[in-house]
Amino acid sequence: MQPVILAIESSCDETSAAIIRNGKVLNNVIASQNVHQKYGGVVPELASRAHQKNILHVVNDALTSAGVTPSQLNAIAFTRGPGLLGSLLVGVSFAKGMATALSLPLIEVNHLEAHVLAHFIQTEHKELKEVPTFPFLCLTVSGGHSQIVLVRNTNDMTVIGETLDDAVGEAFDKAAKIMGLPYPGGPLIDRHAQLGNPAAFSFPNTNVPGLDFSFSGIKTAFLYFIRDNIARDPQFINNHLNDICASLQHQLISMLMSKLNQAVDQTGIRQVAIAGGVSANSFLRKALLSRADAGLPAVQAGWKVFIPPFEYCTDNAAMIAMVGHFRFLEGKFSGWNVAPLPNMTTGSDAPSL
Ligand code: KG4
Ligand code: ZN
């Protein structure tokens, strides 16, 4: 059998649908929600309303552009969690309604595991790309999470380090908001940082024990830094935007890389991947690539690194489709009473009843 699966993603502020046939992703339709830009962050109520408005069109587009009819589907996969309850509800309810009408099995997908497994996405048009072998480490960094995951298999993951407070994407977005930049601020900080001097200003490195992270200290320090400098020079942000962005980004990414180094030393695993929205960051991508460089000291050299294509870094349904395919082959389906799980954790494999 060559399973054909429709996948739906609606955990935060992107409504997305994708079709996967026999393990090859055919498309990845995404409707982004610009309504949050002026609020400096995602407004949950507005997000769920926008999902309601978009979901039918997005699913229809995915089916039509793949040339697949509903009767050709073998299952419907959907993001069960983690995410915003109202947003998840839209995707889960839509998937359940459609699966009931078509008598199809449902497959629940953990959004964070999907970010990790985005590295296994293959499409019909490109040559087969090299995928990580097990075990590997994955730094999953997004607007809601920062984790180092030990991946033993497609269905066997353990979080070995995570943030104790804010996610790194949140630190990027809050810093951007403090500077008056629109949401999401991560890509804008990245763009300005490329023109700035990373050594112009220094920000504190909050080091917590083990492989965990903490980003709330740097966020507060940044708030005071901007406040104090504006008191001296009202044009401080305008005059130094590129340098501020470069210095902040340098510190945030250094904090991530230092824990990733530690995780490699501790586990002895040298296959290292990054995933999630912040994995689109140019400085993080460069820092990771430099670890694959044979010119480094022996202890750091020779990592085999996996960096996702930009389109699979931020939220998308292609990654949900990929996990849907794996779960289909395992025969792992959800009950009809499956409900959203806003706090679903990586590796939890939560039962749906
Ligand atoms: O994975 P994602 O799309 O959604 C969540 O699951 O949270 O990640 C969104 C996050 C936002 O915080 C956004 O600012 C950040 O990813 N982001 C970036 C970049 N592109 C997106 N952060 C830094 N540099 C980027 N280039
Ligand atoms: Zn995400």
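Just the accessible area per residue of the stretch 1-77, please: how many Å² with a 1.4 Å probe?
44
Give the dimensionless ratio obtained when the Cα radius of gyration of the stretch 149-209 is divided by 2.2 N^0.38 Å.
Scaled against compact globular proteins, the figure is 1.49.
log₁₀ I(q)/I(0) of the stretch 198-353 at q = 0.17, 0.19 Å⁻¹, via Debye over equal Cα point scatterers, no solvent, to two decimals?
-1.16, -1.27
Give me the compactness ratio for the stretch 54-185, meaning the Cα radius of gyration over 2.2 N^0.38 Å.
1.27
Can you give me the Cα centroid spacing of the stretch 170-197 and the stretch 4-48 in angstrom?
Going from one Cα centre to the other spans 22 Å.
Give the long-range amide H neighbours of residue 273: residues separated by 5 or more places, or on another chain, with amide H under 5 Å away, using H modelled in the peptide plane at 1.01 Å from N.
For residue 273, the qualifying residues are 137, 138, 139, 306.
Mean Kyte-Doolittle of at least -0.5 and a Cα length of 27 Å or more along the axis: which whole DSSP H helices of the chain meet both?
44-66, 236-267
Picking from 244, 102, 52, whose Cα lies most toward the positive end of the charge dipole for the chain (charges on Cβ: Lys, Arg +1; Asp, Glu -1)?
102
Quote the convex hull volume per residue of the stretch 1-40, based on C-alpha atoms, as a whole number of Å³.
60
Would you work out what percent of the accessible area of the chain, with all protein chains in place, is carbon or sulfur (probe 1.4 Å)?
54
What order, most packed first, do the peptides 69-78, 3-12 have when packing is the mean number of other Cβ atoms within 10 Å of each residue?
Details: 69-78: 18.6, 3-12: 27.4.
So the order, starting with the most tightly packed, is 3-12, 69-78.
What fraction of the Cα pairs in the stretch 108-222, stated in percent, has a spacing above 23 angstrom?
44
State the Cα centre-to-centre distance between the stretch 220-243 and the stretch 66-133 in whole Å.
The stretch 220-243 and the stretch 66-133 have Cα centres spaced 44 Å from each other.
Which whole-number percentage describes the relative contact order of the chain, with Cα contacts under 8 Å and a sequence gap of 6 or more? Don't skip to the end; give the middle numbers.
Working: 762 pairs, mean separation 85.2, N = 353.
Relative contact order here is 24 percent.
Could you give the accessible area per residue of the stretch 210-353, probe 1.4 Å, as a whole number in Å²?
Spelled out: the 1.4 Å probe surface of the stretch 210-353, per residue, equals 43 Å².
Please state the charge dipole magnitude for the stretch 209-306, taken about the Cα centre, from unit charges on C-beta atoms (+1 on K and R, -1 on D and E), reported in debye and rounded to the nearest 20.
Value, rounded to 20: 220 debye.
Which percent, nearest 5, of DSSP beta bridges in the chain are antiparallel?
So the antiparallel bridges amount to about 55 percent of the total.
Using amide H atoms built 1.01 Å from N in the peptide plane, name the residues 5+ places from residue 122, or on other chains, whose amide H lies under 5 Å from its own.
25
Quick one: what do you get for the stretch 1-119 if you divide its Cα Rg by 2.2 N^0.38 Å?
That works out to 1.03 for the stretch 1-119.
Using Stokes-Einstein with the Kirkwood hydrodynamic radius over Cα pairs, what translational diffusion coefficient do you get for the stretch 208-269 at 20 °C and a viscosity of 1.002 mPa s, in µm²/s rounded to a whole number?
My calculation gives 158 µm²/s for D.
Just order 316-325, 206-215, 46-55 by mean Cβ neighbour count inside 10 Å, highest at the front, would you?
Most protected by this proxy first, the peptides run 316-325, 46-55, 206-215.
At 25 °C and 0.890 mPa s, what whole-number value in µm²/s does Stokes-Einstein give for the translational diffusion of the stretch 166-271, with Rh from the Kirkwood sum over Cα pairs?
Estimated via Stokes-Einstein, D reaches 171 µm²/s.
Express the Stokes-Einstein translational diffusion coefficient of the chain in µm² s⁻¹, to the nearest whole number, given a Kirkwood radius over alpha-carbon pairs, 20 °C and a viscosity of 1.002 mPa s. Working shown, then result.
Details: Rh = 20.9 Å.
In µm²/s, the coefficient is 103.
Quick check on packing: order 138-145, 306-313 by the mean number of other C-beta atoms within 10 Å, highest mean leading.
On the way: 138-145: 25.5, 306-313: 18.1.
Highest mean packing first, the order is 138-145, 306-313.
With θ set to phi - 60° and the Karplus curve 6.51 cos²θ - 1.76 cosθ + 1.60, what are the ³J(HN,Hα) couplings of the stretch 11-22 in order, to the nearest whole Hz, using x for Gly and Pro?
Coupling constants for the stretch 11-22: 6, 9, 10, 10, 9, 9, 9, 8, 10, 10, 10, 6 Hz.
Lysine pairs in the stretch 19-144 with Cα distance under 27 Å, only those 8 or more apart or on different chains: how many are there?
Values: 24/96; 24/126; 24/129; 38/53; 53/96.
Number of lysine pairs found: 5.
The values are calculated or read from the model by the stated rules, or taken from the named source; none is laboratory data. Keep in mind the model is a prediction, meaning the values are calculated, not measured. Neighbour counts are summed over all protein chains in view; Cβ atoms, including those assigned to glycine, are modelled from backbone coordinates with ideal geometry. Accessible surface areas use protein heavy atoms only, side chains included; no ligands, DNA or RNA. Shrake-Rupley method; radii C 1.70, N 1.55, O 1.52, S 1.80 Å.
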